[in-house]
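J.: Just passing along the structure, written as C-alpha cells.
Read-outs throughout are calculated quantities, based only on the coordinates presented, and are distinct from any laboratory measurement. The structure presented is a predicted model; accordingly, all values stated were derived computationally and were not measured. Ideal geometry is used to build each Cβ from the backbone, glycine not excepted, and the neighbour counts take in all protein chains shown.
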Amino acid sequence: MRTVISLRPGGLGVFTFLIAFALAGCSEARTAGQPPAPLSGPNAYLSARALDNIVFQPGTVADIRPTGKVVEVRLEAATSRWELAPGKVTEAVTYNGTVPGPTIRATEGDTLRVTLTNKLRQDTSIHWHGLHIKNDMDGVPPYTQAPIRPGATFVYEFTVSHAGTFMYHPHVNAVAQIDNGLYGVLIVDPQQPDAPKPAKEFTMMLGAWNLPSSGGMAQQAPGETRGSGMPDMGGMMPGMGAMPGMGGGSGSGMMMNYNWFTINGKAFPATGEWVVSENDIVRVRLINVSNLAHPMHLHGQDFKVIAKDGEPLAAGLQTVMNTLALNSGETYDILLLANNPGVWVFHCHELHHTENDGVEPGGLMQVIRYQNAKTAPAAQPAATPRPQQPGMPGMSH
Ligand SMILES: [Cu+2]
C-alpha cells in the first residue's frame, strides 16, 4: 500500500507545519550541547527562554568497562575543631580534619581504593551513596561488613560504576556522625566529556547541625521546637552527648533541633562568594546530606535541572525553574546561564535555614557575584530604635 499525502490546502498547512517542526527538531539536535549564541543587549536578561538553547548531553558511555586506573585515597575519621562561621567553632567529626572531607573525584570505570582509619572512640563505616557497587563494599554494618572498630583500618576497593554527583558518609551511628560533619563529596566524571562544557563549576553540600544554643532566637516562629527555645537543654544537646569520642551515644534520642545550617561545612557569611562572568554557563552540583528538606531558590535568573541522583535527565525532562527542593539524601545537577549581572543570592527558602542559631542572615545562603559587580552601600544606622511589635505574628517576642 502506498501512503497518499493529501495536498489539499488544509492538509498542506499541517504538512508544512510538520516539516517545520521536524527541521526545528533537527536544528536543535545539531546545536544541542553547543554553547548558545551569546545574548547581547541590555535587556538580554529578560528572555525567559535563554536556557532553552542549552541542552545537556551527558558523556557517560552506555557500556562502562574498567579503565585500569586506580584512584587512591586515604581517609581518617576523627574529631576536630571546626569553624562553621566567624567565631563559631564546634567539636566536629571529620574526614581528614575538614567538613566536608576531601572531595573524591574519579572517572567511571576507575578503581577507587579508599583506606579508612577510624580514630574515633566508636565504630564507623563508609557508605558510597548512589554508586552501583558490590554488596560487600556498601558499608552497612552488620549486613555487608563488620563495623570498623576504634583504631582499626578498612580498605574499600571497587570499580566506579557510573558518572554523576554522589556522596560518601558513615552508616553507623549515622545521625550523630553525619550531623557533626562526617561526610564528603564524590564526583564521578564520564568517560567522554559532558556537553556543554561549563565555564564554572561549583558544588554545594548542605548540612544541618544540632548545637548548643547561645540563645539567639530573634526570628524564631511560635511552635518551633528547636533547642534554642529551651535554654536548659543546651548542656544536654545530643550534638555533644552522642558525639563520637565523647562517650558514643546511640543518637536515637536526638531531637530535630537543628539550629546551624552549612554549605560545604560553612554557614553564611563564611559560605564565601561564587564569582561568574557574563554569559558563563555554570554547573552546580547540589547534595543534601542533612536530615531536612531544603528548597533552594536562586534570585535574578533561572536554572535548568540536568541530573537527579547522578542520573542525567533526558532532554525533554530538563526542566527550567528557580526553586529546587532537595530532600534528604538527594543530589541534583543544574546549569545556569549568567545573563543578569549583579550580586545575587542562592538560598534555602525554608527561612529558618538562613539563620545562624536563630539570627538572620546566616546558614544556607550563597552569594553569586558577577565579576566587577558592586555590593550596595551599607545601610546607615537607624536614627531611632525600631518599635516593639509584641503582637506580630511570627515574632517570638
Ligand atoms: Cu533549608
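J.: Under the 0.36 nm per residue contour assumption, what length would be gained going from the current alpha-carbon distance of Y143 and T103 to full extension? Each step should come with its number before you reach the end.
T.: Numbers: separation 40, 0.36 × 40 = 14.40 nm, distance 2.68 nm.
Going from the current span to full extension adds 11.7 nm.
J.: Take the residue pairs K197/K308; K69/K200; K200/K304; K200/K308; K88/K200; K200/K374 and return only those whose Cα atoms are more than 22 Å apart. Each step should come with its number before you reach the end.
T.: On the way: K197/K308 18 Å; K69/K200 26 Å; K200/K304 15 Å; K200/K308 19 Å; K88/K200 30 Å; K200/K374 20 Å.
Going by Cα-Cα distance, K69/K200; K88/K200 fall outside the 22 Å limit.
J.: Still on this structure: In whole Å, what are the extents of region 70-189 along the principal axes defined by its C-alpha atoms, from largest to smallest?
T.: For region 70-189, the Cα spread along each principal axis is 43, 30, 21 Å.
J.: Treating only the Cβ atoms of Lys and Arg (+1) and Asp and Glu (-1) as charged, compute the dipole magnitude of region 70-189 about its Cα centre; round to the nearest 20 debye.
T.: On the way: 9 positive and 12 negative charges, 67 e Å.
That gives region 70-189 a dipole magnitude of about 320 debye.
J.: Can you give the Kirkwood hydrodynamic radius of region 30-141 from its Cα pairs, in Å with one decimal? Write down the numbers at each step before the final one.
T.: On the way: mean 1/r = 0.0534 Å⁻¹.
Mean inverse Cα-Cα distance, inverted, gives 18.7 Å.
J.: Viscosity 1.567 mPa s, temperature 4 °C: give me the Stokes-Einstein translational D for region 68-123 in µm²/s, with Rh taken as the Kirkwood radius over C-alpha pairs. List each step's numbers first, then the result.
T.: Details: Rh = 12.8 Å.
The Stokes-Einstein estimate is 101 µm²/s.
J.: List, in order, the whole-Hz ³J(HN,Hα) value for each residue of region 170-176 obtained from phi through the Karplus relation with A = 6.51, B = -1.76, C = 1.60 and θ = phi - 60°; use x for Gly and Pro.
T.: Those phi angles translate into x, 10, 9, 6, 5, 4, 5 Hz.
J.: Among the DSSP beta bridges whose two residues both lie in region 70-189, what percent are antiparallel, rounded to the nearest 5? Don't skip to the answer; put the middle values down first.
T.: Working: 25 of 37 bridges.
In region 70-189, approximately 70 percent of DSSP beta bridges are antiparallel ones.
J.: Check which residues have an amide H placed less than 5 Å from V275's amide H, if you skip close sequence neighbours.
T.: R369
J.: Still on this structure, I have one more. Can you work out ³J(HN,Hα) from phi for every residue in region 336-349, in order, using Karplus 6.51 cos²θ - 1.76 cosθ + 1.60 and θ = phi - 60°, giving whole Hz and x for Gly and Pro?
T.: Karplus values, whole Hz, x for Gly and Pro: 10, 9, 7, 10, 9, x, x, 10, 10, 10, 10, 9, 6, 9.
J.: With the crude spin-label approximation of a point 7 Å out along Cα→Cβ, what separation in nm comes out for H299 versus K374?
T.: In this crude label model, H299 to K374 measures out at 1.7 nm.
J.: For a protection proxy built on the mean count of beta-carbon atoms within 10 angstrom, sort 173-186, 100-113 highest first, please. The partial results should precede the final answer.
T.: Working: 173-186: 24.8, 100-113: 18.9.
The densest-packed peptide leads the list: 173-186, 100-113.
J.: On a full-extension model of 0.36 nm per residue, what is the gain between L351 and R74, subtracting their alpha-carbon distance, rounded to one decimal in nm? It would help to have the intermediate numbers written out before the result.
T.: Numbers: separation 277, 0.36 × 277 = 99.72 nm, distance 3.75 nm.
Residue separation times 0.36 nm, minus the Cα-Cα distance, leaves 96.0 nm.
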